[in-house]
Amino acid sequence: MSEHWVVMPTCLPLVLRRCHTCASERFRANGKFRVNAHHKLIDAWLLVLCTGCGETAKLTVLERMHVRSVRPELLDRLHDNDPGLAAELLRDPVLRRRNRIALDWGDAWRLDTGGSEHLGREVIDVSVRFAARIPVRPVRLIAEGCGLSRAEVERLIAEGKVVSAVRLSGKLSGDFTFTLKR
């Protein structure tokens, strides 16, 4: 019997970028946008707050775009400060590259295992699905989902009792499967 686990975001991740005021490197996105029009051109920014001093920084979403080239639904979502749009934009690699930022998903996700009835079984086949591209170490997911320590999971991998088609060292942000034999 196969188990299905889901890695789900619980909140917006922290934005890693240097603050010009206090030299902190973490900003919190709260889903607020600033939209500014210049005749027929429009600019839009996602506002982020420094976790150290509270200074506001702007992440460019739209820059000098012709108003008619922007979808009306997008404009409505920007004006409504849609937190879902903020989450979508933060996951966009183009926006991250343009603004020279990285994301810290540290405490912004959870693992949904669907219950603990699988813990007593000898062999567990697990399919892990990511609801968003959240980089997480598979060893951490396996440890959390199976109620083991990370060291125990590392030992099981070394003994060949945890097998997967993907490399379990490093971080993954895409779906994978593994089998645990106790």
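The values are calculated or read from the model by the stated rules, or taken from the named source; none is laboratory data. Keep in mind that this is a model prediction, so the values were computed, not measured. Here the Cβ is made from the backbone with ideal geometry for all residues, glycine too, and neighbour counts use every protein chain on show. Note: accessible area is taken over every heavy atom of the protein model, side chains too, but ligands, DNA and RNA are not part of it. Shrake-Rupley method; radii C 1.70, N 1.55, O 1.52, S 1.80 Å.
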What FRET efficiency do you get for Arg133 and Ala23 if R0 is 35 Å and r is their Cβ-Cβ distance, rounded to the nearest 0.05?
0.75
Once both labels are modelled 7 Å past Cα along the beta-carbon direction, what's the Lys161-Arg182 spacing in nm?
0.9
Per residue, how much accessible area does the chain show when a 1.4 Å probe rolls over the protein heavy atoms, in square angstrom?
57
Table column - 3J(HN,Hα) (Hz), the range 83-95, Karplus curve with 6.51, -1.76, 1.60, x for Gly and Pro:
x, x, 5, 4, 5, 4, 5, 5, 7, 6, x, 5, 5
Find how many whole Å separate the alpha carbon centroid of the range 41-65 from the alpha carbon centroid of the range 1-36.
14
If exposed GluC sites (Glu not before Pro) are those in a DSSP loop with at most 13 other Cβ within 10 Å, what is the longest stretch of the chain that has none?
1-121
Loop only per DSSP, at most 14 neighbouring Cβ atoms within 10 Å: give me the trypsin sites (Lys or Arg not before Pro) in the range 53-117, ordered by residue number.
Arg100
A convex hull over the alpha carbons of the range 9-153 yields, per residue, a volume in Å³ of 142
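When the helices in the chain are scored as -39500 (n - 2.57) per DSSP H run of 4 or longer and the sum is shared across all residues, what 222 nm value do you end up with, to the nearest 500 deg cm²/dmol?
On the way: 5 runs with 42 residues, N = 182.
The helix-only estimate for the chain comes to -6500 deg cm²/dmol at 222 nm.
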Partnerless cysteines, meaning none of the other Cys C-beta atoms lie under 4.7 Å away, in the chain
Cys11, Cys146
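Got a number for carbon plus sulfur as a percent of the range 53-132's accessible area, 1.4 Å probe?
Working: 2170 of 4760 Å².
Carbon and sulfur atoms account for 46 percent of the accessible area of the range 53-132.
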